[in-house]
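J.: Right, I'll just put the structure down here and ask away after.
The values are calculated or read from the model by the stated rules, or taken from the named source; none is laboratory data. Given the structure is predicted, the values throughout are model-derived calculations rather than measurements. With ideal geometry, Cβ positions are generated from the backbone for all residues, glycine too; neighbour counts draw on all protein chains shown.
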Amino acid sequence: MKRQYHHLRGLLSIGNLWKHRFLSALREDLNKKITLTKKFLLVVLRYLKNRKKTLYVGFSGGKDSLVLLHILSKFKNNFNIIPFFIEISGNTHEKNIEYSKKILSTLDFRKYLWLRVPRDFFADIATWGFPSWKRRWCMSIYKRQTLIKAIGEFEAVAVGDRIFDSTRRKQLILKRGIVEINKYWMQITIHPIAHFSINDVMEYIRKNGLKLNPLYEEIGGSGNCVYCPFNTNPEYYRRLKERYPEWFNKILIAEKSQRKLKAAFYERNRPVRLLEVISKLST
């Protein structure tokens, strides 16, 4: 394994040196956090440039990756930075696609990768069943394999994950650091805005006049994956049913086609059916 990423092993040392600074900045104001992120990225980008390597940036049309992409756009003229977007056929909302293409065009990177999974998500549900923690094929077969095919293994990939996203995300970043060898994704993953809170993200978007994905207002999510087995927020699905009934019905039909114990969602590792999620609104 080490031979596969030895060419970028120095990134791990950079991450170790900066980890304490990021953790110390968790309660700083936004301006100080931005300054820290830019200084960190400059070190990373210089390291990669000296080795004639590229920094790939994951963009999903979500607010966190929007902030990261905008920060990195300030470095695009002096360093090789390539954003990528992974479209899940049949599960990425058309408004997310339209919005993401506009953002990538507006920020004017010299190059970006639009990676479209050549399969239909809901057709594969009929074959493989719904994704679960044990069989998260939507990540492994769709996103991971698509990314590896496009850029190779163990390249430098920056993502918008934050410590405050969830308890699990916090544990992972604290354990692995802001630069990690991600054996699942087979990449060297970098977390430049790990210390941002959700308030920081929204304030950054407002201060810089960035346009937020309209699906946040309409359904409460970015629509990169309209259906996710781990999103059991009943309000999200109520709004989806109201604004985009065709998407809601896709999930309902897929669920009805499964055997008795197969459900679209998991809550505390327990299968939960869509109508059960919606019913919580009236309780």
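J.: Criterion first (assigned to a helix (DSSP H, G or I), under 30 Å from Lys33 (Cα atoms), within 22 Å of the chain's Cα centre (by Cα) and modelled with pLDDT of 90 or more) does Glu203 satisfy it?
T.: Taking the combined requirement at face value, the residue satisfies it.
J.: Using the structure shown, decide if Ser105 is among the small types (Gly, Ala, Ser) and surrounded by 12 or more Cβ atoms within 10 Å (Cβ to Cβ). Full working, then the answer.
T.: Working: among the small types (Gly, Ala, Ser): yes; surrounded by 12 or more Cβ atoms within 10 Å (Cβ to Cβ): no.
The answer is no for Ser105.
J.: Would you call Lys175 more than 17 Å from the chain's Cα centre (by Cα), among the basic types (Lys, Arg) and either assigned by TED's automatic domain parsing to the domain that holds Arg27 or under 27 Å from Pro245 (Cβ atoms) (or both)?
T.: yes
J.: With the requirement that a residue be loosely packed, with under 13 Cβ neighbours inside 10 Å and in contact with a Cys (Cβ under 6 Å, 6 or more places away or on another chain), what does the range 114-145 give you?
T.: Across the range 114-145, there are no qualifying residues.
J.: Another question, if that's okay. Can you spot a residue in the range 61-80 that is under 22 Å from Lys38 (Cβ atoms), in contact with a Phe, Trp or Tyr (Cβ under 6 Å, 6 or more places away or on another chain) and of a type in the set (Val, Ile, Thr)? Write out each step before concluding.
T.: In the first step, residues of the range 61-80 are kept if they are under 22 Å from Lys38 (Cβ atoms); the result is 62-80.
Cutting the leftovers down to in contact with a Phe, Trp or Tyr (Cβ under 6 Å, 6 or more places away or on another chain) gives us 65, 67, 69, 76.
Retained after the next criterion (residues that are of a type in the set (Val, Ile, Thr)): 67.
Yes, the range 61-80 has at least one match.
J.: Give the residues of the range 43-68 that are surrounded by fewer than 23 Cβ atoms within 10 Å (Cβ to Cβ), without any contact (Cβ under 8 Å) to a residue 60 or more places away in the chain and in contact with a helix residue (DSSP H, G or I) (Cβ under 8 Å, 6 or more places away or on another chain), sorted by residue number.
T.: Once the filter is applied, which keeps residues that are surrounded by fewer than 23 Cβ atoms within 10 Å (Cβ to Cβ), without any contact (Cβ under 8 Å) to a residue 60 or more places away in the chain and in contact with a helix residue (DSSP H, G or I) (Cβ under 8 Å, 6 or more places away or on another chain), the range 43-68 yields Val43, Tyr47, Arg51.
J.: Let me ask you something else. What number of residues in the range 213-224 are in a loop (DSSP other than H, G, I, E, B) and either out of contact with any strand residue (DSSP E or B) (no Cβ under 9 Å at 6 or more places or on another chain) or surrounded by fewer than 21 Cβ atoms within 10 Å (Cβ to Cβ) (or both)?
T.: Final tally of qualifying residues: 6.
J.: Going by what's in this entry, would Thr283 be described as surrounded by fewer than 13 Cβ atoms within 10 Å (Cβ to Cβ), modelled with pLDDT under 85 and farther than 30 Å from Leu72 by Cα? Reasoning before the result, please.
T.: Details: surrounded by fewer than 13 Cβ atoms within 10 Å (Cβ to Cβ): yes; modelled with pLDDT under 85: yes; farther than 30 Å from Leu72 by Cα: yes.
When the stated conditions are applied, Thr283 passes them.
J.: Could you grab me the full set of residues in the range 15-39 that are among the aliphatic types (A, V, I, L, M) and more than 23 Å from the chain's Cα centre (by Cα)? Talk me through it step by step, then tell me what you get.
T.: Initial filter on the range 15-39 (among the aliphatic types (A, V, I, L, M)): 17, 23, 25-26, 30, 34, 36.
Correct list: Leu17 only.
J.: Let me ask another. Just need a number here: residues in the range 52-71 that are more than 21 Å from Ile198 (Cα to Cα) and assigned to a strand (DSSP E or B).
T.: Of the residues in the range 52-71, 2 are more than 21 Å from Ile198 (Cα to Cα) and assigned to a strand (DSSP E or B).
J.: For Ile141, state whether it is in contact with a His (Cβ under 7 Å, 6 or more places away or on another chain) and at negative phi.
T.: So Ile141 does not fit the description; no.
J.: Are any residues in the range 6-41 among the charged types (D, E, K, R) and in a loop (DSSP other than H, G, I, E, B), and if so, which ones?
T.: Those that are among the charged types (D, E, K, R) and in a loop (DSSP other than H, G, I, E, B): Arg9, Arg27, Glu28, Asp29.
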